[in-house]
Structures are given as C-alpha cells and as structure tokens.
Amino acid sequence: MTETRILTGHLGKPFGLKGFVRLVAEDSSIPGLKFPLQAVLEFPSREPVSVKILKATIQSGKILLQLEGINSPEEASSLTGGKLYIDRSHFPKSKNEEYYLFELKGLKAISEDGKELGWELVDILENPAHSILVFQAEDSEILVPYVQKHVGKVILEEGLIVVLNPEDWNEI
C-alpha cells in the first residue's frame with residue numbers, strides 16, 4: 001500500500017521495426033499515464049537500467065511501449081524480460097471507489113460484520129474471466145475470485161477489504 005515504485009509488468013518481445021516493446025502488464029492503466037516519464041528496468045543478472053518511456057499504445061489488445069534510444073528490434077530484444085517499475089507519483093490519485101489493483105496489496109481481510117480474518121492480500125492474479133485475490137493466512141494461501149459475489153467493499157484509507165462469506169474459503 002505504501003510502495004513508491006510500482007511493478008507495472010515485464011517487457012516481452014519486440015514489436016515492429018521501430019523498436020517498440022510489448023509490455024506484459026501487471027496494471028492495465030499504463031496507457032493512461034502522461035508521457036514521457038522515467039522508469040526503471042530490473043533484470044535478474046545485471047544492473048538496473050533507467051529508461052524514458054516516450055509513449056504507450058494499445059494494439060491488438062497488447063500494450064506497446066516506445067522507449068527513448070531504442071530504435072530497432074535488436075535493441076528492443078536486449079530489454080526482454082526486464083521488470084518495469086514506475087514511480088507511484090506518475091499515477092493519478094484514486095478517487096471515490098476507484099483504485100488501482102496495486103493499491104490492494106497489503107490490505108487486511110474482514111468479514112461483512114467487521115471481524116478480522118487474519119488474512120493479508122499478497123498478490124493479484126490476472127485471469128481471463130476476472131482477477132483472483134491471493135490472501136496469506138497463518139499457514140495457508142486463500143484464493144478468492146475478485147467478483148461482487150465474493151468481495152464487498154474496499155476501504156483503502158483503513159487498509160481493509162471485505163470478503164463475503166469467508167467461511168466458504170476456509171473450507172477449501
């Protein structure tokens with residue numbers, strides 16, 4: 001909830017002949033940001049690289065990034081696999097009941113009657129039908145579909161998320 005760097009995804013294969021790269025996104029709000037902006041690419045086996053994102057577009061359902069100084073597929077392929085981090089300050093503030101999925105990580109689960117469940121939201125898995133919330137309990141992981149039937153109100157300012165009928169998830 002308080003991270004300043006947001007993992008927005010990792011870079012995939014190059015796209016086209018001008019050095020665009022595909023972004024396998026953790027957060028689909030990237031094209032809505034104001035460009036250009038600075039970001040950091042982190043790799044498992046080499047030093048992080050600072051990059052300037054000139055623009056982001058959506059083509060055929062894929063997010064494509066144009067990075068400063070990357071002008072060919074060969075240059076773009078050298079960045080494949082890098083994890084892209086963007087500073088939180090580049091994302092507009094959440095309003096009312098709208099929020100970014102990354103803001104949910106770290107929330108504590110409560111039942112409809114306000115009882116603390118001892119679960120912390122540690123990850124969100126993207127699924128074609130809907131996102132899946134991954135909660136960590138003392139000794140188990142609990143997966144809850146992020147749909148109205150199972151998840152109630154998100155209370156960001158209090159760090160809480162309401163899980164409907166949590167006893168159903170304890171039995172699985």
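When LEU67 is tested against (1) free of Cβ contacts under 8 Å to residues at least 24 places away in the same chain; (2) surrounded by 14 or more Cβ atoms within 10 Å (Cβ to Cβ), just one condition goes unmet, and that condition is (1). Note on region 134-153: among residues that are open to solvent by less than 20 Å² (accessible area, probe 1.4 Å) and under 14 Å from LEU104 (Cβ atoms), the one that is nearest to the chain's Cα centre (by Cα) is VAL134. Scanning region 5-31 for residues being in contact (Cβ under 8 Å) with a residue 40 or more places away in the chain and closer than 27 Å to VAL122 by Cα gives a total of 14. For region 36-51, the criterion of being more than 26 Å from ILE124 (Cβ to Cβ), assigned to a strand (DSSP E or B), touching a strand residue (DSSP E or B) at 6+ places or on another chain (Cβ under 7 Å) and open to solvent by 80 Å² or more (accessible area, probe 1.4 Å) is met by at least one residue. The residue of region 90-111 that is least open to solvent (accessible area, probe 1.4 Å), among those that are small (Gly, Ala, Ser) and within 15 Å of the chain's Cα centre (by Cα), is GLY106.
The values are calculated or read from the model by the stated rules, or taken from the named source; none is laboratory data. Not measured: the values here are computed from a predicted model. Quick reminder, even Gly has a Cβ in these numbers, built from the backbone with ideal geometry, and neighbours come from all protein chains shown. Accessible surface areas use protein heavy atoms only, side chains included; no ligands, DNA or RNA. Shrake-Rupley method; radii C 1.70, N 1.55, O 1.52, S 1.80 Å.
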